[in-house]
Amino acid sequence: MSRDRLRSLLLATTGLTYVLLLIGIYTAASGAGLTCAGRWPLCDGAVFGLFPANWPSFIEWFHRLIAMIAGFVVIGATYGAWRWQDGRRIRLAMTTALALYPVQALLGAGTVLDYSLFYLTAHFLTALTIFGSLVLATLWYVADIASIRRVRSALFVAVGLFPVLVALSPGTLVDHTAAVQAIYYAIGLALFATLLAAAVWSGLLEATASRLSRVRLLAGVGAATLAAQLLLGRYVYTDLIQLLDATAMAAAFLIAVAAAWLTARIEPAAASPQAQ
């Protein structure tokens, strides 16, 4: 497999997992996750329950179908990472995603059979870990594109996305319908991936620009803080949780601003990519 084909496979795997996460968010927010007559892995329609019987159960059935397809794609991408490249970090990230995938499927079953806070939280955190692992593997594979301009652009995009995320947050300007929640997490997950990109690219460049070590730390902490905020956003049912959610978002925003300010003080000629 050529380098371009493996890169395309990694990008497709990460993109499909991103879409799967959003479908899962919409499924849960619309209440469709408890359809299919509470059966797993079957549904409530024709051919012995293999197919859905109505629109809500179709949403849940479609979510399971895309999850199955994504699972096979993750297997293929992990095989490709081990077969056609030598980067240990990439192999580890892809293996982590693959190892967690069956766990994620079982936790998904738990959200159907036992709709509890434990399963809902574990299901989301595992999905976010899988997505983060795929993003990291892809970023490390395309390490040759790292530059101070890309780090700066990633951080300024992140800073620009935060106001949109705030506007769509629970209890602010709009009703948190299933569609709004899906859009909210589409932006949040894109922001999370952007902060990871800034962290990874800073790490690849920091040997030639010492200030980037602080950018790397800030971007990584910002991504972790945003991940916590996205989790809290699933449970904004009380004033306390809403306060914690807003605090985590404000902290992630300020961290991103600080990192962007640091990159603005670095000349592009002062940083160049390290060899992998």
_Cβ-based net charge around N54, under 11 Å, with every Lys or Arg adding one and every Asp or Glu removing one_ = -2
_How big is the dipole moment of the chain about its Cα centre under a simple scheme where the beta carbon of each Lys and Arg is +1, that of each Asp and Glu is -1, and everything else is neutral? Debye, nearest 20, please._
940
*Selection from A105, A259, W40 lying farthest towards where the dipole of the chain points positive, charges on Cβ*: A259
_Under a Cβ-only charge scheme (Lys and Arg +1, Asp and Glu -1), can you give me the dipole magnitude of segment 146-266 about the Cα centre, in debye to the nearest 20?_
620
_Sort D239, D245, D114 by heavy-atom solvent-accessible area, probe 1.4 angstrom, most to least._
D239, D114, D245
*Keeping every protein chain in place, order L21, L100 by accessible area at 1.4 Å, biggest value first, i.e. largest first.*
L100, L21
*Could you give the angle, 0 to 90 degrees to the nearest 10, between helix 117-141's Cα long axis and the longest principal axis of the Cα atoms of the chain?*
40
*Percent of accessible area on the chain owned by carbon and sulfur, 1.4 Å probe?*
69
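Over segment 1-143, give the accessible area per residue in Å² for a 1.4 Å probe, as an integer.
Per residue, segment 1-143 has 49 Å² of solvent-accessible surface.
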*asked:* If R₀ is 41 angstrom, what is the calculated FRET efficiency for the pair R5 and L243, using the beta carbon separation as r and rounding to 0.05?
replied: 0.30
*Relative to the longest principal Cα axis of the chain, at what angle does helix 178-205 sit, 0 to 90 degrees, rounded to 10?*
30
*In the full protein assembly as shown, how much of F253 is accessible to a 1.4 Å probe, in Å² to the nearest 10?*
70
*Pairing the Cα long axis of helix 148-167 with the longest principal axis of the chain, what angle in degrees results, from 0 to 90 and rounded to the nearest 10?*
40
*asked:* Sorting check: for 174-185, 132-143, 53-64, 147-158, which peptide has the highest mean count of neighbouring beta carbons within 10 Å, and how do the rest follow?
replied: 132-143, 147-158, 53-64, 174-185
*Find the centroid of the Cα atoms in segment 157-210 and in segment 11-47, then give the distance between the two in whole Å.*
23
*asked:* Using helices alone, I'd like the mean residue ellipticity at 222 nm for the chain: each DSSP H run of four-plus residues gives -39500 (n - 2.57), total over residue count, nearest 500.
replied: -26500 deg cm²/dmol
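The values are calculated or read from the model by the stated rules, or taken from the named source; none is laboratory data. Here the structure is a predicted model, which means the values were calculated and not measured. Methodologically, a virtual Cβ is constructed for each residue, glycine included, from the backbone with ideal geometry; neighbour enumeration extends over all protein chains shown. These accessible areas exclude ligands, DNA and RNA; they are computed on the full protein's heavy atoms, side chains included. Shrake-Rupley method; radii C 1.70, N 1.55, O 1.52, S 1.80 Å.
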